[in-house]
């Protein structure tokens, strides 16, 4: 199959989204998202690349490589599940919501398929602008402000990345993504500064300090399915940006041992700790989860900055597992909000009695996020720590220790919800609350995924080690 | 692949499946599954012994959980599995009556059986990775057993249980990271080959200490014991028996793996272990003497007995080539302790089932006229206190003998042995205290009458129908096993202990004459101390006007006095301070820019504690449009980005 095929999953949501604007019909939209996932899966067979003329010397390049494959499937699957959930959650203007939802998916797929930095940048900006109305959806004063904050941080980050683009474009002659790095030879100081700018800029989307502050504002204001994809999927757009920058533009060798690597590691690790610590202190559940995203996505970045095979494998695994876990956690929080209106942690006392299934899924994915075996998060943390020790024989323990402290804090902010929810005392009064299929199906699916991915990650791991060998 | 190898994953996975059946099935199938699965497990373990351990037995799940899981079997592992399956079998059968009217039975049995699978998985693990995976599953699953009653006390205990489990698990994981980094493997057999040749001993000790942290927390070693006396009593009795009897042994097994494989015959490791073992043994016993709650006393006793077992571990390290006696002692003491705790916790369960009370003053006199209860408590006492004839005497004698032997070795070679003499005395005194607290329990329950004659009458009216025949039979069988083992020591216990020798690399088997004058003397000293403590301390000091008093000073509580404030107040405060400072740096910068650029103090100011949108915009009054200001802000951010670009371009 030629790469021209990639246009199909990329463009399919666009006309349908506008049709759906008139009438958001549940069945046809779910079908569409399922078809989209199928198309993405079919796209895995694509070979070659397809260049569409855009500017002189700067084509829009579409190409599907191993990283793109993993992320595109992940994005499409998560959008499908969170989309299904939305039908029971959203009551106001679902048609507008789904319009932008589908367009965002389209932009996200564009990120995966991008073959050069220009394409990537265009889709990146599109993703920001198209997901902006999702945050705005509730139309309250708070959500307007949150959306603006989101926009401000994202644009600032993108501007930094643009600076990187200007510098790297002439240095690599087109800024195409080449496994192992498009840049030849060592990086000049300006190039390193550009790398740092891109890392910080894209890192803003991924919730890395110093541009992390939009997450805890924007995520709680968006409707739950939107916050699920914001946290679980859109942050991965930033991860993808950093990954492309490090491994496909500069190459790991050009950055290894430079101040950029150190700065990245320090930023990532301090974000890991800061995010967890603030989440531990946070009382609003969705906000707590948003801070948790700040911390957990920086695990991924930490793995990338290690610039070795184990770190890379751990990072991608963490990206996938965090998506699964965080989407599920946000959907659970959404289920509580939509059925009971409870948003604060202390209000959720005894919630496991009336809504056992959502809380059970919360518990399973929460354990995965902490890194308790046999759930998925454990495996990724194992590889991250291994990578940390391998990259820095003397100092590697610091990275591992920060990860574990953060894991402890993760337990501290997730498990009390579970224990207070499930064990409120024998005579706790409650009424069973029934959740519809649209809520139960995604939750069960994600919880099962968290277990199964943890038990059988070999396929993914094999793929990743092959990939890591190719680009390092 | 032989039959034994195939049985290993069956042992681990069957209970998990059974648990799921219990969760989804109806009442009847659940009741059936809940005891049939442990029965099958017990039969399978016995079948394993019949097949023998000669051929290499190993089963691997390559790739599962990333690194792959592996299971293996040898003598020691078999003994532990046997203990586990016997305990689950006994408590499951007893549970049929005990839990007949309990709430949330599906939940209980789901985790009850998952815990069985995971615990056996710990014992069968061929590498530390598998061990940790099973260990964590066991910890989390058994947490729900602790929390099962959902009372405030149970929830507090469950919280500490979980906290210790999670912290312990993470620290152990850190140790594993280090071991993996140092040796490139965490396979137990490979570690054994590689560890002795490792150059950087400090790093090895650090890795070992970190790895053993979680195991020590699980087995209740001082100072990580604080959850234990709280958590064991609040669980349903059938679960307490498991928590005390076998789940602590999972922790011990982890320590054994490290001691016998990574640090084989390492004196430094042994000395540190001995110090902790002594403190654990003594503290547990003292807490037990002071306790006035039936199950709490038993829990403290578990802690103390774990100290005895750890003493054996330490001595086997110190004695090196001649560790056969210590190895026998610790193996048998693990076996004995499981059996005693099964008996005693089930007896306590029988009391609780009838009275819903565990406070000694309230349940006093309940045992009168109930022969089965009397026998089970008496046998528990007999064994636990190490009185000749019970099986506890054998293991304690072996442990005592190993200390004495080491002192002799030191004496011969002319090295200082004062510390070990002190250890011997702590050992004997702790043994005495064991007798004291068990006597306290036994006399309160089965000899004395209740202070309230009406209550005593009520108790007496229950005689004959305080438990079903099945439960009674379970109690009696467990109780009678204790003297049966103790009296047939050369036929039964010695042979069992010999099975454990290969695990510890014992070269020559030891033959000990248990009933010589010298050995009996050690027992007699302990018994003498015990009687003295009971008569001179427990009765005059801990009792007044026929009431048992709790005289343990409340401030002497590590958990409430140190751990909770530290972990819940001090450290989070410092952490949050750091995190808030770092996290809001950019935000402060932005706010400053806002103020400077717009000359708009109003927009740039937020009261830090005012609302939950700290670091977000301040709420504007109704009717003002928030859009404009924010759009400006977005433009500002965008132009800041452009400015930075320009600056860099100029630099170029």
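Points to keep in mind about this one:
- Candidates B:481, B:441, B:433: the one that is within 20 Å of residue B:522 (Cα to Cα), surrounded by 16 or more Cβ atoms within 10 Å (Cβ to Cβ) and within 31 Å of the chain's Cα centre (by Cα) is B:433.
- So residue B:140, is it within 14 Å of the chain's Cα centre (by Cα), more than 8 Å from chain A (Cβ to nearest Cβ) and part of a helix (DSSP H, G or I): no
- Within segment B:80-98, the set of residues being within 11 Å of residue B:34 (Cβ to Cβ) and buried (at least 24 other Cβ atoms within 10 Å of the Cβ) comprises B:88, B:91, B:92, B:95.
- Any hit, segment A:443-453, residues being part of a helix (DSSP H, G or I), without any contact (Cβ under 8 Å) to a residue 40 or more places away in the chain and buried (at least 21 other Cβ atoms within 10 Å of the Cβ): no
- Elements of type helices (runs of 4 or more DSSP H) contained in segment B:439-531, each with 2 or more residues being within 17 Å of residue B:367 (Cβ to Cβ), touching a helix residue (DSSP H, G or I) at 6+ places or on another chain (Cβ under 7 Å) and touching a residue at least 24 places away in the same chain (Cβ under 8 Å): B:469-487
- Residues in segment A:343-386 that are more than 12 Å from chain B (Cβ to nearest Cβ) and either surrounded by fewer than 24 Cβ atoms within 10 Å (Cβ to Cβ) or farther than 16 Å from residue A:455 by Cα (or both): A:346, A:347, A:348, A:351, A:354, A:355, A:357, A:358, A:359, A:361, A:362.
- Condition check for residue B:570: more than 30 Å from residue A:191 (Cα to Cα), more than 10 Å from every other protein chain (Cβ to nearest Cβ), at pLDDT below 75 and assigned to a helix (DSSP H, G or I): no
- Scan segment A:426-458 for residues that are facing chain B (nearest Cβ under 10 Å) and within 21 Å of the chain's Cα centre (by Cα) and the total you get is 2.
- Residue count for segment B:369-427, restricted to those that are in contact (Cβ under 8 Å) with a residue 24 or more places away in the chain and on the phi > 0 side of the Ramachandran plot: 3
- Exactly one residue among B:162, B:194, B:179, B:243 is without any contact (Cβ under 8 Å) to a residue 24 or more places away in the chain and crowded, with 22+ Cβ neighbours inside 10 Å, and that residue is B:162.
- Screening the candidates A:170, A:179 for the property of being without any contact (Cβ under 8 Å) to a residue 24 or more places away in the chain and either surrounded by fewer than 24 Cβ atoms within 10 Å (Cβ to Cβ) or within 14 Å of chain B (Cβ to nearest Cβ) (or both) yields one hit, A:170.
- Within segment A:387-398, being at the interface with another protein chain (Cβ under 10 Å from one of its Cβ atoms) and either in a helix (DSSP H, G or I) or touching a residue at least 24 places away in the same chain (Cβ under 8 Å) (or both) holds for A:388, A:389, A:390, A:396, A:397.
- Among the residues of segment B:318-359, those that are in a loop (DSSP other than H, G, I, E, B) and in contact with a helix residue (DSSP H, G or I) (Cβ under 9 Å, 6 or more places away or on another chain) comprise B:323, B:357, B:358.
- Residues satisfying the stated conditions in segment A:288-309, i.e. more than 13 Å from the chain's Cα centre (by Cα) and closer than 18 Å to residue A:251 by Cβ: A:303, A:304, A:305, A:306, A:307, A:308, A:309
- Counting only helices (runs of 4 or more DSSP H) that fall entirely inside segment A:197-292 and contain at least 1 residues that are within 25 Å of residue A:390 (Cα to Cα) and modelled with pLDDT of 90 or more, the qualifying elements are A:235-243, A:259-281.
- Some residue of segment A:363-371 being under 19 Å from residue A:430 (Cβ atoms) and touching a helix residue (DSSP H, G or I) at 6+ places or on another chain (Cβ under 7 Å): yes
- Pick from segment A:328-343, criterion in contact with a helix residue (DSSP H, G or I) (Cβ under 7 Å, 6 or more places away or on another chain) and outside any helix (DSSP H, G or I), ranking: farthest from residue A:376 (Cα to Cα): A:342
- Just one of the numbered conditions (1) at pLDDT below 85; (2) under 30 Å from residue A:335 (Cα atoms); (3) away from every other protein chain (no Cβ under 14 Å) is not true of residue A:141: (3).
- Odd one out for residue B:323, checked against (1) buried (at least 24 other Cβ atoms within 10 Å of the Cβ); (2) at pLDDT 85 or above: (2)
- Residue within segment A:413-425 that is within 14 Å of another protein chain (Cβ to nearest Cβ), surrounded by fewer than 17 Cβ atoms within 10 Å (Cβ to Cβ), free of Cβ contacts under 8 Å to residues at least 12 places away in the same chain and assigned to a helix (DSSP H, G or I) present: no
The values are calculated or read from the model by the stated rules, or taken from the named source; none is laboratory data. The structure displayed is predicted, hence computed values, not measured ones. Because the Cβ atoms are built from the backbone with ideal geometry, glycine has one as well, and the counts that use them run over all protein chains shown.
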